[in-house]
1. Putting +1 on Lys and Arg Cβ atoms and -1 on Asp and Glu Cβ atoms, find which of Gly50, Leu20, Gly32 reaches farthest to the positive end of the dipole of the range 7-73.
2. Ranked highest first by the average count of other Cβ atoms within 10 Å around their residues, in what order do 5-17, 56-68 fall?
3. By how many nm would the segment from Asp11 to Glu127 grow when fully extended, if each residue of separation counts as 0.36 nm and the alpha-carbon distance is taken off?
4. Taking Cα atoms, how many degrees apart are the long axis of helix 90-103 and the longest axis of the chain, rounded to 10 and kept between 0 and 90?
5. Amide H neighbours of Trp166 under 5 Å, at least 5 residues apart or on other chains, H built in the peptide plane: list them.
6. Which value, in debye to the nearest 20, describes the size of the charge dipole of the range 81-236 about its Cα centre when Lys and Arg Cβ atoms bear +1, Asp and Glu Cβ atoms bear -1, and nothing else is charged?
7. Kindly count the pairs of lysines across the chain whose alpha carbons are less than 24 Å apart, treating pairs on different chains or eight or more residues apart as eligible.
8. Across the range 226-241, in residue order, what do the Karplus-derived ³J(HN,Hα) couplings come to in whole Hz, using 6.51 cos²θ - 1.76 cosθ + 1.60 with θ = phi - 60° and x for Gly and Pro?
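FYI, it's all coordinate maths here, none of it is from the lab. Just so we're clear, the structure is a prediction, and the values are computed from it rather than from any experiment. Glycine also receives a Cβ, built like all others from the backbone with ideal geometry; neighbour counts cover every protein chain displayed.
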Amino acid sequence: MAMAKIRLCVDHALGAGQSLPLTEAQAHYLFGVMREGVGARILVFNGRDGEWLAEVTEAGKRKGRLICIERTRAQSTPTDLWLLFAPVKKARTDFIVEKAVELGVSRLVPVSTEFTNSERLRRDKAEAHMREAAEQCGALCLPEVDEVTPLSRLLAGWDPARRILWADEARAGAGVTIAGLGPGPWSILIGPEGGFSDEERARLAALPFVVPVSLGPRILRAETAAVAAITLWQAHLGDWR
Ligand code: SAH
């Protein structure tokens, strides 16, 4: 039997017999793009109530409705991993946000650093990217997204129980690797294209909860560094084990 493939992230509560209105964008996607119609079965999730099989009961150009049939997966708690990153250019930030969802980050903390390009993080856009990524990768929850916060302020109020794995480009190739690190909670800090300033580097190096790490002998772009660091962390300490 063919399995339902399309997954939609919805805001509504999910439960047996629950009727779910679709947004205009979801109706367009399901009926216009995917050519589904009444009777089609898809999967829905909302980050709280697990994943449910649902059936289309109304299909219009701009609206539609589903009914929840049965739960296909229980809600799981996400792996506890925060990503602190300096927003970079738009397309590259979108990439970081998307990959963070696919690789299982639970919270996105955009930070502004001395060399951060002044670009802001559009949270509505980031959320749309996260939903799409979660729909296609089978995730059951979306990371939380914070407002952009200056790194200095974040460090001043930091809970020392959560360590920061600091990807420090100055240690590229210095052999400071992630192997041997103990369990978390953890967060990962990736700098902007311009890297960290001397002042920031001195401050980070002096903090007991900050653990510097090298991501190999080459200087990576910020978005590559984010993917590489999350991958290493997931393989050593996270949900890939
Ligand atoms: N312009 C800087 C590089 C910044 S790279 C320079 O030329 O030195 C962007 C971010 O990616 C860095 O701040 C760091 O967090 C991370 N990064 C890139 N390559 C790295 C490496 N080999 N080791 C550790 N972190 C790295």
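1. Gly32
2. Details: 5-17: 14.4, 56-68: 17.1.
Per-residue Cβ counts within 10 Å, averaged per peptide and sorted highest first, yield 56-68, 5-17.
3. Values: separation 116, 0.36 × 116 = 41.76 nm, distance 1.23 nm.
Once the chain is fully extended between Asp11 and Glu127, it gains 40.5 nm.
4. Approximately 80 degrees, to the nearest ten.
5. Leu189, Val211, Val213
6. Numbers: 18 positive and 20 negative charges, 32 e Å.
Rounded to the nearest 20 debye, it is 160 debye.
7. Lysine pairs meeting the criterion: 10.
8. Couplings: 4, 4, 5, 5, 5, 4, 4, 4, 4, 5, 8, 10, x, 8, 8, 6 Hz.
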